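Bear in mind these aren't lab numbers, they're just calculated from the coordinates by the rules spelled out. Quick caveat: nothing in here was measured; it's all calculated off a predicted structure. Because the Cβ atoms are built from the backbone with ideal geometry, glycine has one as well, and the counts that use them run over all protein chains shown.
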Amino acid sequence: MTRVVGIDLGTTYCAVAVADRSGSPSVVRNREGENITPSVVMFQGDTVVVGSQAKRSAATAPDHVVQFVKRYMGETKPVYHSESGTPYRPEEISALLLKRLKEDAEIMLGQPVEQAVITVPAYFDDVRRKATQDAGRLAGFEVLRIVNEPTAAALAYGLGQSSVNDGGEDGGGGATIGNVLVYDLGGGTFDVTVMRVEDGDYTVIATDGDRNLGGFDWDGALMNYLNGAFMASGGPDLNEDSGLQAELRDKAEIAKRTLSNAPQAVAMLSAGGRHEQIRVTREKFEEISAELLDRTRIITEAVLEEARLGWADIDRILLVGGSTRMPMVQELIRRLSGKEPERGIAQDEVVALGAALVALDAAVRAEAAEEKRKYVGSGASVESAFGDGLARLTKGKVKSIKDVTSQSLGMVTTDSENHDRQFNTVIIPHNTPVPDKKSDIFLTLFDRQRRLRVQVTEGNDEELAYVKIVGESTIEIPQYPKGAPFEVFYSYDVDGIIHVEVKDGTTGKWLGEFELERPDNLSPAELAEFGDRVARASTF
Ligand code: AMP
């Protein structure tokens, strides 16, 4: 028997969890006995060291250590070149991390782990979701679902709540929490999501975030401050040397954590024969990072506005991600909302716990489908025994999970009068519940036009300069006079991944579903090649 796991693949740390058959999730420790594994990979000749040991080596072997790779997911540029010059893309580095997590889970659970649900920030776009899915596959997982981190967090939190309506007509009352705001500030990313949790239905209303805002940036602010003070006392610029810089980053991170509990921290810096103790107060730290915190405020308020809610309408505020331990975050939330954020959430683990619940749900449903296949013709009803996944296992506490799209999806459109003018037509607006399918009709521009080029855009703007082209496909079409209608259907699946289908408006015939060429994602050939390389790597 194999187990399915939920994985929080974070910028700075990863966590793995499993849920038992009663729907109760727990963290799976790594082989070092830690609940979370640093998202750090170190290359040492033919072996790859992952986690704490790699993190400890970041300062001594900075050129062989790769971290914060989540920030680059969906980009084609290699994030590392091996000594022999082999380039590694972000997906492959993430796959090495995932491979290690998989091996650790197998050791700890004592059974094979082949299927996983992996979480991503809610605002991750199609390319980044696909890159995450590819990383999972490269690591040897069957990726059952890609789930949004705030949704996973709310799910784990909601299930743990005692305030459920017990009883009810269907025998089990669902969790009711009301409007929940999830403020998730991790190591490298920031996410805000407003969702409604009512009678076991988890419905996301609005979400947004910044993929380049997290604890990493607070470390950066502190690094600048410490380095400035070190230079002012006659020391060399620590940013000039990658080893010294990595050491400075470590010390800044430690000082930052200290400042979450103490009013001041001291960093010992040494270089060029100088040794300095640099003191920093919490007040100073808050001053030098005020701009970063304010960026989270702006996004949070925008999401509330998008949800058409005010702070008074928010019933619970969940703080997720290690960086919400900074007192300035809690103070910001109190000041804005006039409410106390929820306590007792395991900031580093709650996302993985939620992912484990989704994984269990997916596994139970797959089992039900399998049972159903076996029983076809026997007349037995298995629907009632297995059919409703998590809803049954949690006795109705979790009935449904409805997420939304974080990006508007559209198509490059050519003006029928002036063929030089192209603009973006939005087909699925952002914050639309997923899965969703919408269409728009496009007219051919020429007599006997043979092909239709579908360029998929992400973004709200009509101007192409302000949107991103995430994929394209050229479709052979029957030839008609100019102005023939073709209906282009876009859909987002539950994982937030895009599919495109085209229908001939003249005959009403489907021309099929088209595989998008995604220039920023791995090709099938690369997937096969990198998959082999990841499988061969020895990870420790
Ligand atoms: P996550 O990716 O959610 O695990 O968050 C990791 C981030 O949380 C890193 O940037 C850590 O430096 C930060 N972090 C963890 N603990 C603390 C703490 N006590 N105070 C401030 N930041 C913390």
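Each label point was placed 7 Å from the Cα along the Cα-to-Cβ direction; for K482 and K402 their separation is 4.4 nm. Can you give me the C-alpha center-to-center distance between segment 284-312 and segment 394-443, rounded to a whole angstrom? Value for the Cα centre distance between the two parts: 27 Å. Remark: segment 508-516, residue by residue, has Karplus-estimated 3J(HN,Hα) of x, 8, 6, 8, x, 9, 10, 6, 7 Hz, where x stands for each Gly or Pro and the curve is 6.51 cos²θ - 1.76 cosθ + 1.60 at θ = phi - 60°.
Between R274 and S84, full extension at 0.36 nm per residue minus the direct alpha carbon distance yields a gain of 64.8 nm. The angle between the Cα long axis of helix 242-261 and the main principal axis of the chain comes to about 90°, on a 0 to 90 degree scale. Each Lys and Arg adds +1 at its Cβ and each Asp and Glu adds -1 at its Cβ; summed about the Cα centre, segment 224-375 shows a dipole of about 320 debye.
For the chain, find the longest principal axis of its Cα atoms and tell me its angle to the long axis of helix 327-337, 0 to 90°, nearest 10. Around 50 degrees separate the two axes.
Take every Cα pair under 8 Å whose residues are at least 6 apart in sequence, average their separation, divide by the length of segment 215-288, and the relative contact order is 31 percent. Beta-bridge orientation, the chain: approximately 80 percent antiparallel, per DSSP, counting only bridges with both partners inside. Over the C-alpha atoms of the chain, the Rg to Rh ratio, Rh being the Kirkwood estimate, stands at 0.99.
Think of it as helices only: each DSSP H run of n ≥ 4 in the chain is worth -39500 (n - 2.57), and spread over all residues that comes to -10000 deg cm²/dmol at 222 nm. For segment 210-250, the residues whose amide N sits under 18 Å from a probe point set 7 Å from the Cα of E291 along the beta carbon direction are 210-229. With axes computed from alpha carbons, what is the tilt in degrees of helix 290-306 against the longest principal axis of the chain, rounded to the nearest 10 within 0 to 90? Taking Cα atoms only, the helix is inclined about 20 degrees.
This model, with +1 at the C-beta of Lys and Arg and -1 at the C-beta of Asp and Glu, gives the chain a dipole about its Cα centre of some 840 debye. Model label sites at A229 and E342, defined 7 Å from Cα along the beta-carbon direction, differ in position by 3.7 nm.
The mean sequence separation of alpha-carbon pairs under 8 Å and at least six residues apart, normalised by the residue count of segment 409-513, gives a relative contact order of 26 percent. Counted by neighbouring Cβ atoms within 10 Å, the residues M73, M231 run from fewest to most as M231, M73. Using a cutoff of 8 angstrom between alpha carbon atoms and counting only pairs six or more residues apart, the relative contact order for segment 1-99 works out to 20 percent. For V50, neighbours were defined as the other residues whose beta-carbon sits under 10 Å from its Cβ, and their charges (Lys and Arg +1, Asp and Glu -1) total +1. Phi angles across segment 23-34 convert, under the Karplus curve 6.51 cos²θ - 1.76 cosθ + 1.60 with θ = phi - 60°, into 3J(HN,Hα) values of x, 10, x, 8, 6, 9, 6, 7, 5, 8, x, 9 Hz, Gly and Pro given as x. Using the Cβ atoms and a cut-off under 14 Å, what net charge is assigned to the surroundings of A59, where Lys and Arg are +1 and Asp and Glu are -1? For residues surrounding A59, the net value is -2. Just to confirm my numbers, what's the Cα centroid distance between segment 41-117 and segment 214-235 in Å? Answer, in whole Å: 27.
Take the Cα of K438, step 7 Å toward its Cβ, do the same at S538, and the gap between the two points is 5.4 nm. For segment 112-124, 3J(HN,Hα) computed residue by residue from phi via the Karplus equation (6.51, -1.76, 1.60; θ = phi - 60°) reads x, 10, 10, 10, 8, 10, 10, 9, 9, x, 4, 8, 4 Hz, glycine and proline entered as x.
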